[in-house]
Amino acid sequence: MLKRDLLLMANRNLWRRRARTILTCLGVLIGTTSIVVMLSLGIGLKQGMEQTMAQWGSLEIVRIHAGMQFDREGNPIGEEQRLNDGTVAEIKAIPGVVAVSPIYNVHSEATLGRKRGHISLVGMDIKAMAELEFTLAHGRLPKPEERFTVVAGYQVINNFMDERAMRGGMPFNPAAQDPTELLDRRIRLTMHNQADHEKKQTFNVYVVGILDEQNMERAWEVYGSIADIKRMRDFMLEGTEQQGNMLLPSPFPAARAMAVRPSASAGRGGRDDRRDDYDSILLRTNDLADTKRISAALREQGFNAWSIADDLEGIEHTSRIIQAILGGIGSITLFVAALGITNTMIMSIYERTREIGIIKVIGASFGDVRALFLTEASLIGLFGGMLGLGLSYGISAIVDRIGSSYMLQGMLMGSGEAVYISVIPPWLALFAVGFAVLIGLGSGLYPANRAIRLSPIVAMRNE
Amino acid sequence: MKPILQAADVLKKYRLGSQVVSVLNGITLGVFPGEIVAILGTSGCGKTTFLNIAAGLERPTGGDIVINGHNLNKISEQNMAAFRRRYIGFVFQLYNLIPSLTALENATLPLVFEGIPPAQREKRGRVLLQKMGLGDRLGHKPNELSGGQRQRVSLARAMINNPRIIFADEPTGNLDSRTTEEILRLLISSVREMKQTLLLVTHDLDVAAYGDRIVEMVDGSIVRERTVSVPLK
Ligand SMILES: Nc1ncnc2c1ncn2[C@@H]1O[C@H](COP(=O)(O)OP(=O)(O)OP(=O)(O)O)[C@@H](O)[C@H]1O
Ligand SMILES: [Mg+2]
């Protein structure tokens with residue numbers, strides 16, 4: 001039997017019982033639509049999150065903060081870990097770690113020409129900068145042999161305000177500030193000693209580069225060599241009793257700094273030798289998988305390790321659960337639809353018993369009869385699946401239109417990229433239709449075998 | 001000459017509950033190529049049962065059917081369809097056309113299962129239906145045709161493959177005497193023309209008289225055979 005004849009015949013048989021076929025298709029349509037829409041929501045959610053996440057920082061960077069990790073009951077996880085040169089060396093030795101840098105953070109009053117403000121400075125290993133994904137929009141990175149050269153995040157300029165202009169009644173417009181204004185300029189830093197606030201010292205840093213907009217985490221900070229920043233820090237902490245990193249909260253994000261409980265280490269001995277402990281350690285891995293593995297391993301050891309990938313993992317997990325639940329609902333619907341197809345095909349066999357007998361007598365083989373019924377069942381799947389896919393695209397478009405007006409302000413500030421809540425990638429479209437056809441095919445197996453087993457004379461005797 | 005169809009001691013028993021009904025009690029019959037054999041018998045004597053067995057639609061309880069050297073008992077159910085397509089044409093009392101198909105489509109249906117392309121099918125169907133006097137009824141559905149016209153479509157369908165043997169089970173049982181004559185003449189003339197063999201089952205002596213040979217059946221056994229000296233046309 002020619003494929004063409006098979007398809008024509010199957011199609012014609014289906015439309016002989018138009019209402020029933022349409023109703024059966026409807027079951028597949030609803031099933032397919034629910035699966036596709038639900039999966040598309042999951043995909044859209046995940047994609048939107050990844051898009052947002054990637055803006056917040058690199059997925060390959062792990063940050064280790066000073067202090068301890070605590071579980072939900074408030075018990076410390078593992079031994080308390082110090083962040084010193086030994087730790088840096090240890091971390092460098094972990095397989096999968098590409099680059100490591102210790103970090104000191106300081107804050108300072110700053111002056112840039114007529115503009116004044118507060119800035120946050122980060123001291124790190126200059127040699128590791130390129131490896132730690134410091135990418136530039138303008139200028140260059142500091143060189144190890146230089147002193148007091150820095151790169152600034154592209155928002156740092158917005159820490160400065162022209163007070164004289166403002167006093168003169170000019171409205172201050174941050175958006176009008178150009179990041180390149182900082183380039184090749186000297187920033188004057190005025191630092192106060194923390195034990196004696198009257199004690200001041202001035203440091204000058206020279207901006208040699210401006211970071212690009214890739215990484216929002218680094219947008220507001222100024223990066224220089226660790227030796228230079230340590231000198232500033234040493235001046236600030238001179239004469240203080242407390243451990244340095246406790247006085248200087250990690251600038252980002254605030255919530256994470258709260259998790260660090262100073263009380264855990266307070267009151268123990270050896271404070272002085274802890275003063276030089278790093279505020280944090282930054283490391284880079286090869287890929288997302290390594291990031292997850294290494295940051296989990298570090299946490300296991302008691303390090304307060306965090307990466308955006310960890311947040312992403314949580315989102316992925318939630319998204320997976322949502323997808324599983326939603327997909328499950330769709331699967332049940334499709335399963336019911338499959339029963340509908342089987343039922344329709346069995347009914348059709350009852351109606352067409354005589355006809356099946358006739359075509360067998362005039363030479364239809366087992367294969368022909370099976371192919372005919374399987375094709376009919378698959379066609380129901382195909383029609384239902386395609387209509388379902390069409391409906392899904394419609395629903396997806398509506399969801400996007402309604403949803404994006406809510407989502408845009410909330411999730412992506414200032415980003416020009418559109419956020420799709422429901423995404424139907426080509427593979428999902430193909431999968432949906434293919435799956436619907438497979439459901440049809442599967443549902444047709446039992447009826448087709450029944451049709452084959454019909455004895456032609458018994459079928460024709462059927463009155 | 002070797003028979004094209006040889007039935008040897010064919011038995012058929014049905015089990016109805018605890019009772020065993022014997023419908024065919026050892027039928028032995030040879031049909032030669034080109035021959036027209038009429039099987040005559042009263043209702044319920046087992047004619048249809050024998051014909052079905054001879055055409056491979058039903059398995060005998062005992063005995064063998066050999067068609068053109070092939071023992072049907074040795075052909076699997078799977079291959080029987082291809083075998084029937086190749087050797088056998090069937091005409092029924094109740095036409096057994098497919099209601100949703102046109103006359104042309106019904107007549108050419110066996111060619112569909114043979115995998116013959118539509119254009120060729122249509123050409124062959126047209127020619128044959130023309131010969132059956134249905135040249136102007138090609139596009140009609142069965143319920144738009146008279147009984148006699150339906151049986152002509154059914155004849156065309158049986159012959160479209162040019163089979164070696166045609167089995168006709170009371171092909172005129174539902175027709176009036178004039179139409180009966182037309183149909184039988186048509187059937188016999190095309191069988192003769194194509195040098196086919198015909199096994200014709202009937203309870204009507206007048207119909208049986210169209211055969212070269214009349215085989216009389218009573219209660220599942222052949223009781224008498226006679227050659228018709230001057231067959232009706
Ligand atoms: N599947 C079956 N089960 C039980 N008995 C059967 C079956 N098929 C046929 N018979 C019996 O076999 C006998 C012969 O039936 P068959 O149809 O061959 O008769 P027939 O000679 O063709 O009669 P008619 O001229 O009325 O068509 C009948 O008594 C019938 O009841
Ligand atoms: Mg009969």
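Tell me the net charge near A:P456. Cut-off is 9 Å between Cβ atoms, A:P456 excluded, with +1 for each Lys or Arg and -1 for each Asp or Glu. Spell out each step's value before the answer.
Values: positive: A:K360; negative: B:E58.
Taking every Cβ under 9 Å from that of A:P456, the sum is 0.
Across the stretch B:5-227, Cα pairs under 8 Å and at least six residues apart give a relative contact order of 31 percent. For the protein assembly as shown, the mean residue ellipticity at 222 nm estimated from helices alone is -14500 deg cm²/dmol, where every DSSP H run of n ≥ 4 contributes -39500 (n - 2.57) and the total is divided by all residues, rounded to the nearest 500.
Within the stretch B:70-99, what residues put their amide N at less than 15 Å from the label point 7 Å along the Cα-to-Cβ vector of B:M194? Correct set: B:84-92.
Applying the criteria of a DSSP loop state and at most 16 other Cβ atoms within 10 Å to the GluC sites (Glu not before Pro) of the stretch A:310-405 yields no site. Computed in the context of the full set of protein chains, the accessible area of the protein assembly as shown at 1.4 Å probe radius has 56% of its extent on carbon or sulfur.
What lysines sit close enough to A:K200 to cross-link, taking a C-alpha to C-alpha distance under 18 Å and skipping anything fewer than 8 places away on the same chain? The qualifying lysines are A:K230.
Neighbouring Cβ atoms from other chains, within 10 Å of the Cβ of residues in A:342-355, number 1 on average. Label zone of A:N75 (point 7 Å out along Cα→Cβ, amide N under 18 Å): in the stretch A:274-305 this covers A:299-303. Kindly identify the stretch B:5-227 as rounded, prolate or oblate by the Cα gyration tensor criterion: order the square roots of the eigenvalues as a ≥ b ≥ c, call it rounded if a/c is under 1.5, otherwise compare a/b with b/c, prolate if a/b is larger, else oblate. Judged from the Cα gyration tensor, the stretch B:5-227 comes out prolate (a/c at least 1.5, a/b above b/c).
Label-to-label distance, A:R18 versus A:F431, with points set 7 angstrom from Cα along the beta-carbon direction: 3.7 nm.
In Å², nearest 100, what accessible area do chains A and B bury in total when the solvent probe is 1.4 Å? Show your work: numbers first, answer last.
Details: alone 23230 and 11270 Å², together 32280 Å².
So the total buried area for this chain pair works out to about 2200 Å².
Averaged over its residues, the protein assembly as shown has an accessible area of 46 Å² per residue, based on protein heavy atoms and a 1.4 Å probe.
Once label points are set 7 Å from the Cα along Cα→Cβ at both A:H118 and B:Q19, what is their separation, rounded to one decimal in nm? Each label point lies 7 Å from its Cα, and together they span 10.8 nm. By definition, a body whose alpha carbon gyration tensor gives a ≥ b ≥ c is oblate when a/c is 1.5 or more and a/b is not larger than b/c, and the stretch B:1-83 fits this oblate description. All other residues whose Cβ lies under 15 angstrom from that of A:I380 are scored, Lys and Arg at +1 and Asp and Glu at -1, for a net of +4. Which residues of the stretch A:1-34 end up with at least 50 Å² less accessible area in the presence of all protein chains than when their chain stands alone, using a 1.4 Å probe? Relative to the lone chain, where solvent access is computed with a 1.4 Å probe, the stretch A:1-34 loses at least 50 Å² at A:M1, A:L2, A:D5, A:R12. Of all lysines in the structure, those lying under 30 Å Cα to Cα from A:K360, and not within fewer than 8 positions of it along the same chain, are A:K3, B:K2, B:K12, B:K13, B:K47, B:K74, B:K123, B:K131, B:K141, B:K195.
For the protein assembly as shown, the alpha-carbon coordinates run over 142, 56, 39 Å along the three principal axes, in decreasing order.
Between rounded, prolate and oblate, where does the stretch B:52-140 land on the alpha carbon gyration tensor, with a ≥ b ≥ c its root eigenvalues, rounded for a/c under 1.5, else prolate if a/b exceeds b/c? Since a/c reaches 1.5 and a/b is larger than b/c, the shape of the stretch B:52-140 is classed as prolate.
With a sphere of radius 10 Å drawn around the Cβ of A:Y278, what net charge do the other residues whose Cβ falls strictly inside it have (Lys, Arg +1; Asp, Glu -1)? Result for the local shell: -2. Residues of the stretch B:88-121 that lose at least 30 Å² of accessible area (1.4 Å probe, protein heavy atoms only) when the other protein chains are present, relative to their chain alone, are B:F92, B:N96, B:I98, B:S100, B:V112, B:F113, B:G115, B:P118.
Bridging of A:K115 to aspartates and glutamates at a Cα separation below 16 Å is possible for A:D162, A:E163, A:D178, A:E181, A:D184, once same-chain residues fewer than 8 apart are set aside. Computed from label points 7 Å out along Cα-Cβ, the spacing between A:K92 and A:E109 is 3.9 nm. The calculated FRET efficiency for B:R86 paired with B:D204, based on their beta-carbon distance and R0 = 35 Å, is about 0.70. Springs join every pair of Cα atoms under 10 Å in this Gaussian network model of chain B, and among B:T202, B:T28, B:T108 the largest mean-square fluctuation is at B:T28.
The values are calculated or read from the model by the stated rules, or taken from the named source; none is laboratory data. Since the model is a prediction, treat every value here as computed from it, not as a measurement. Cβ coordinates were reconstructed from backbone atoms using ideal geometry, including for glycine residues, and neighbour counts include every protein chain displayed. Calculation scope for accessible area: heavy atoms of the full protein, side chains included, ligands and nucleic acids excluded. Shrake-Rupley method; radii C 1.70, N 1.55, O 1.52, S 1.80 Å.
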